[in-house]
Amino acid sequence: MVGIHGIGGVGKTTIARAVYNLIADQFEGLCFLDNVRENSIKHGLVHLQETLLSKTVGDSSIKLGSVHEGIPIIKHRFNLKKVLLVIDDVDDLNQLQATVGGTDWFGSASRVIITTRDKHLLTCHGVTSTYEVDGLNKEEALKLLSGTAFKIDKVDPCYMRILNRVVTYASGLPLALMVIGSNLFGKSIEEWESSIDQYERIPNKKIQGVLKVSFDSLEEDEQQIFLDIACCFKGYHLSRIKEILFSHHGFCPQYAIGVLTDKTLIKINEYGCVTMHDLIEDMGKEIVRQESPEEPGNRSRLWCPEDIVQVLEENKGTSRIQIINLYCFKYRGVVEWDGMAFEKMNNLKRLIIESGSFTTGPKHLPNSLRVLEWWDYPSPSLPIDFNPKKLVKLELLGSCLMSLDLFMSKKMFVNMRVLNFSDSQNITEIPDLCGVPNLQELSFCNCENLIKIHESVGFLDKLKILYADGCSKLTSFPPIKLTSLEELKLSYCGSLECFPEILGKMENVTSLDIKNSPIKELPSSIQNLTQLQRIKLKNGGIIQLPSSIFGMKELRYFIVKKCEGLLLSKENEGEAQMSSMVFRNPIDFLDLSHSNISDEFLLRGLPLFANVKELHLRGDDFTILPACIKELQFLTEIYLEVCENLKKIRGIPPNLETLCVTDCTSLRCLDLTLLPSCTKECRFLRKLFLSGCDNLKKIKGIPLNIEELDVECCISLKVIDFTPPPACTRECRILSTLNFDYCSDLEQIKGIPSNVGKFSAINCEYLTSECRSMLLNKELHEADGYKLFRLPGTSIPEWFEHCINGSSISFWFRNKFPVISLSCVFAGLELYAGVWFTLIINGNKYLSPHIFLADLSSDLLCICDHIEELFYDLVLSENEWNHVVCTTSWVPQPIKQIGIHVLKQGSNMEDIQFRNPLLLKEKRDFHNLPTWGKKKRLVFVSSRK
């Protein structure tokens, strides 16, 4: 472990990042855990552990229950792994103990870099190798300042004197140099002189004073926005900060944010979040603290839990307070107050309470509020004298509200944009919202006792977002005509059987996703969602589709999954009108998986989706894929996985490219002669997946242009024939992958093409000798291109000239790497085997891509042709002999034999040796010496001719 320590802003993280990027390629696992201090406060130590595991292991689903649970998991995942970790900005020993408790947690040669302001933390953790970061020297500081201030390397000599003056003032602190340089970008020499004069007038040369000069240069509005971010909103996403600042100040903050960014007071990171250096944040908070060092109630902003609780419990609030932000996780205690603390805060604009519990609800709230966010609001109602005409956002998640009586009055709330009272279990009714004409977001998710929604909700013409998920007792939804609506959520409404009627055109909704709501019918008025592109219904009841859905011009994706059934409309459409709808219907992705799709539905329904390109019917109940599917001219992919009742396929679309019929246990015969004749120019079926079809006995007419065929675990299949018709030539074949693994009754494979790339028949014990001879034909394996063959076998073919009993074989070559085939026999132990081929060239190890993972119940023969195509960027000795060891990696099964065949075409046989050419030369030289002296004993690698 290595510790980097120093004052804030001196460059600890920058150095750690540079070292990390420089040596990262030498490690198996990597993690740069930044902002540990901040993240541990916001999210806790468990979150740090989860982030460390997620970044290093690559599994974002890891969830831990406690720090103690995480420690052994980190040890287990890393103790055999060479990892590089950076733990950045540590301020508590517990953070190190939770993430990098000891060197024995990690594999040999691992490296852990820790950055902190506190050297004592490193000592306490037993870190003996430490580095204190000093400031930049004059040359480095001048280069940094010039790059920041002028954006070019070569600076006008006229500026050199003033640049040297700034460097002297900054005393090598990078952050100060960057801030000053940014402030003076594009300024004249006179402006530089004036500014540095001002900087130098600041007493003592602390960073706090330097940064405050940048703050003082801002306009008043810019200063207020900077203080808002520094005190309360650092780390928030830029879009949320813009919304917060707009609601608070009443004007768009975009320009001010640009000014702050230009002055390096804030930065926008790669995730779109607003960040700032700790020292800049501290500077902003100190400015606010200095407004009243002893009395928090006289400050403009309160963010520290202790200060907020003191003001509330002691009723020391004043009109100076504009923002109170009790952030989530920062306070877990109980606020013992009388509810009157807000009485004197008549300038309070933003009240955010996301943590803590209160002994009573507020008896007064100031009418000056623009934003009120209070999680677990403790009172059954808002104060009776509360008249928030300026309120823009009201968010009371998990509140104790009994009703929304605030809106039952005749008052108008023209400024309100956001109304959210999700998880409020006592609310039973959404009242008349006519008094909120400018509402843009309305959310009442998980209000489990909500039973009624006033019809006015359906006519809020400014509403963009409407979330009603999880209202389990809601049985109906009023008709809607929400012309601005963009998002509508109605999932997990366990009693909602009817989708709302749509009374007029709504052009902004593009996606409709409803899960776990037993909706029985989509209304014909759904066509008024004129820009709808995607419908997804999941875990619903029996759904009846209106005929109008086939006339929706923008609808591309139609997904009904895990529903009880699907019915077509009972409306009596004229034949001509229905045909016109079908012609216009653009749906090209259709997924009706696990929805009890019947034979009758397919007969009537498939022709209605005339333009579909991809069809999913996984786990459905139909027994026949009807002949009418041939009429779907654009259909290229069909997926029929786990259709256990499927017995016949009577039609195949003419342009089908992928057919997946896996685990269809009732299917006995697949007739592919239904396809049109293929040519080189017109390739139809390319990929055919039939694995797990236990009773499949025959495949008729495998098309010439098939590229990939997978019949794994088709245990009733005995013969498969690739022989082309007499009129065709074998050059038509473009087959790349054949998989017959675990086809336990397979005996014969006829007409296998020479250009197959991957062939696998693991545990196919009944292959005939004629079939084996065809698969092991030397000419087949010497054909151009990489090939991988796997089939049962106990010995390497005779045409492999160099073989040994063992797990590795070596040879020497010079100049060009030879063209070779490598063969291995693996002993069957009924264990899973993961196989990678490995070349060790002159001591350097090269690992191939993963070859296969299989359960070997019997001996397996593996042949890899043109193995050189698996390896790239080989480091070879020029004009000298290179020593190569061929072996495999990560194989539980022992290797019984390994052999090499050199393909003479493409290899110079004089440049490859299976005996050490250096020893052979030494032997010849030895025989030319006088007879005195001892002879050296030569060891030869056995070979077979």
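The values are calculated or read from the model by the stated rules, or taken from the named source; none is laboratory data. The structure displayed is predicted, hence computed values, not measured ones. Cβ coordinates were reconstructed from backbone atoms using ideal geometry, including for glycine residues, and neighbour counts include every protein chain displayed. Heavy atoms of the whole protein, side chains included, go into the accessibility calculation; ligands, DNA and RNA do not. Shrake-Rupley method; radii C 1.70, N 1.55, O 1.52, S 1.80 Å.
Which value, in debye to the nearest 20, gives the size of the charge dipole of region 136-200 about its Cα centre, when Lys and Arg are +1 and Asp and Glu are -1 at the Cβ? Kindly include the intermediate steps, with their values, before the conclusion.
Values: 7 positive and 9 negative charges, 39 e Å.
It comes to approximately 180 debye.
For region 610-700, the list of GluC sites (Glu not before Pro) that fall in a loop by DSSP and count at most 15 other C-beta atoms within 10 angstrom reads E644, E681. Hey, how many Å between the Cα centroid of region 244-323 and the Cα centroid of region 587-615? Answer, in whole Å: 57.
According to a simple spin-label model (label point 7 Å from Cα along Cα-to-Cβ), what is the distance in nm between S194 and F251? Here the answer is 2.3 nm between the modelled labels.
Please compute the net charge surrounding G541, taking Lys and Arg as +1 and Asp and Glu as -1 over other residues with Cβ under 10 Å from its Cβ. Its environment carries a net charge of -2. Across region 408-523, Cα pairs under 8 Å and at least six residues apart give a relative contact order of 20 percent.
As a test of reading the structure, rank D461, D104 by solvent-accessible area (1.4 Å probe, protein chains only), most first.
D104, D461
Placing R0 at 22 angstrom, the Cβ-Cβ distance between K242 and S292 gives a FRET efficiency of 0.15 after rounding to 0.05.
Quote to one decimal, in nm, the extra length available between K845 and S795 on full extension: 0.36 nm per residue of separation minus the C-alpha distance between them.
That works out to 15.3 nm of additional length.
Of the accessible area of the chain, with the probe set at 1.4 angstrom, what percent is carbon plus sulfur? Present the calculation step by step, with values, prior to reporting the outcome.
On the way: 21590 of 43690 Å².
Roughly 49 percent, rounded to a whole number.
Helix content alone sets the calculated 222 nm mean residue ellipticity of the chain: runs of n ≥ 4 DSSP H residues at -39500 (n - 2.57) each, divided across all residues, give -6500 deg cm²/dmol.
Counting Lys and Arg as +1 and Asp and Glu as -1 over every other residue whose Cβ lies under 13 Å from the Cβ of F813, the net charge comes to -2. For region 343-401 versus region 439-457, the inter-centroid distance based on Cα atoms is 20 Å.
Averaged over its residues, region 391-495 has an accessible area of 40 Å² per residue, based on protein heavy atoms and a 1.4 Å probe.
Evaluate the Kirkwood expression for the hydrodynamic radius of region 391-495, namely the inverse of the mean inverse distance over all pairs of different C-alpha atoms, and round to one decimal in Å. Spell out each step's value before the answer.
Details: mean 1/r = 0.0742 Å⁻¹.
In region 391-495 this quantity evaluates to 13.5 Å.
Applying 1/(1 + (r/R0)^6) with R0 = 51 Å to the Cβ-Cβ distance of K82 and I152, what FRET efficiency is obtained, to the nearest 0.05? After rounding to 0.05, the efficiency reads 0.75.
Is there a pair in K143/K212; K630/K758; K81/K896; K363/K390; K520/K687; K630/K687 whose C-alpha atoms are over 26 Å apart, and which pairs would that be?
Listed pairs above 26 Å: K630/K758; K81/K896; K520/K687.
Farthest towards the positive end of the charge dipole of the chain, among the residues A827, L696, T123, is the Cα of A827, using unit charges on the Cβ of Lys, Arg, Asp and Glu.
Say R0 is 41 Å: what FRET efficiency, to the nearest 0.05, do E448 and K55 get from their beta-carbon distance?
Numbers: r = 38 Å, r/R0 = 0.92.
The computed FRET efficiency comes out at 0.65.
The length gained on full extension between L30 and R668, counted as 0.36 nm times the residue separation minus their Cα-Cα distance, comes to 224.6 nm.
Rolling a 1.4 Å probe over the protein heavy atoms leaves L776 with an accessible area of roughly 40 Å².
With a 1.4 Å probe and every protein chain left in place, tell me how much accessible area W799 has, in Å² to the nearest 10. We get 40 Å² for W799.
Report relative contact order for region 1-130 in percent, whole number only (criteria: Cα-Cα under 8 Å, sequence separation at least 6). Could you put the intermediate results ahead of the total?
Numbers: 216 pairs, mean separation 50.1, N = 130.
Relative contact order here is 39 percent.
Can you sort V642, V371 by solvent-accessible area, 1.4 Å probe, largest first? Walk me through the numbers before you get to the answer.
Numbers: V642 45, V371 0 Å².
The residues order as V642, V371, largest area first.
Taking all Cα pairs closer than 8 Å and separated by 6 or more residues, the relative contact order of the chain comes to 4 percent. If you wrap the chain in the convex hull of its Cα atoms and look at it from every side, the mean projected area works out to 53.8 nm². Residues S877, S292 ordered from highest to lowest accessible area at a 1.4 Å probe: S877, S292.
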